[in-house]
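Right, one structure below, let's go through it.
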Amino acid sequence: MARILILDDEEDVCQLMRRILTDSGHEVGTFTEVGDALEWLVSHNPDLVLLDYRLRGTDGISVLGSIRMSRPETEIIIITGKPAPELERKASELGIREYLIKPVEIRDLEFHVNRALGVI
């Protein structure tokens, strides 16, 4: 299957998504700290990043730039607890086609991950 990086400032969210995605056969790395996630990104070359918009000390859009510089081919899904048309527009301008709103339902997560990976 795929290698997936999850970066979210909530450990519980990371673990829930990890469990769902590993049960589907994916290899998953979960992180609550940006630096740790970026190190893993460089060494593991994930196929997909699930990126929370609100992170400690920064936001997902800023981190998105770092991801694009080191792994431009990696698919990215932005996740947020506070949807906003402005954020959705910005994500779209940056080439993000998938956008999820917390709390993420299991079937929505699986659907969007599969679509981002080109499975469906």
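Coordinate-derived values only; no laboratory data. Just so it is clear, the model here is predicted, and its values are computed rather than measured. As a convention, Cβ positions derive from the backbone with ideal geometry for all residues, glycine included, and neighbour counts pool all protein chains shown.
Below, the figures for the structure above:
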{"item": "Candidate set: region 51-73, residues that are surrounded by fewer than 17 Cβ atoms within 10 Å (Cβ to Cβ) and in contact (Cβ under 8 Å) with a residue 40 or more places away in the chain; chosen: the one farthest from residue 105 (Cα to Cα)", "result": "56"}
{"item": "Region 1-50 - residue that is free of Cβ contacts under 8 Å to residues at least 24 places away in the same chain and among the hydrophobic types (A, V, I, L, M, F, W, C) and, of those, surrounded by the fewest Cβ atoms within 10 Å (Cβ to Cβ)", "result": "16"}
{"item": "Hits in region 75-87 (condition: surrounded by fewer than 17 Cβ atoms within 10 Å (Cβ to Cβ) and either within 20 Å of residue 9 (Cβ to Cβ) or in contact with a Cys (Cβ under 6 Å, 6 or more places away or on another chain) (or both))", "result": "81, 82, 83, 84"}
{"item": "Number of the condition not met by residue 97 [criteria: (1) surrounded by 14 or more Cβ atoms within 10 Å (Cβ to Cβ); (2) of a type outside the set (Gly, Ala, Ser); (3) under 13 Å from the mean Cα position of the chain (by Cα)]", "result": "(1)"}
{"item": "Condition broken by residue 96, with the remaining ones in (1) free of Cβ contacts under 8 Å to residues at least 12 places away in the same chain; (2) more than 20 Å from residue 31 (Cα to Cα) satisfied", "result": "(1)"}
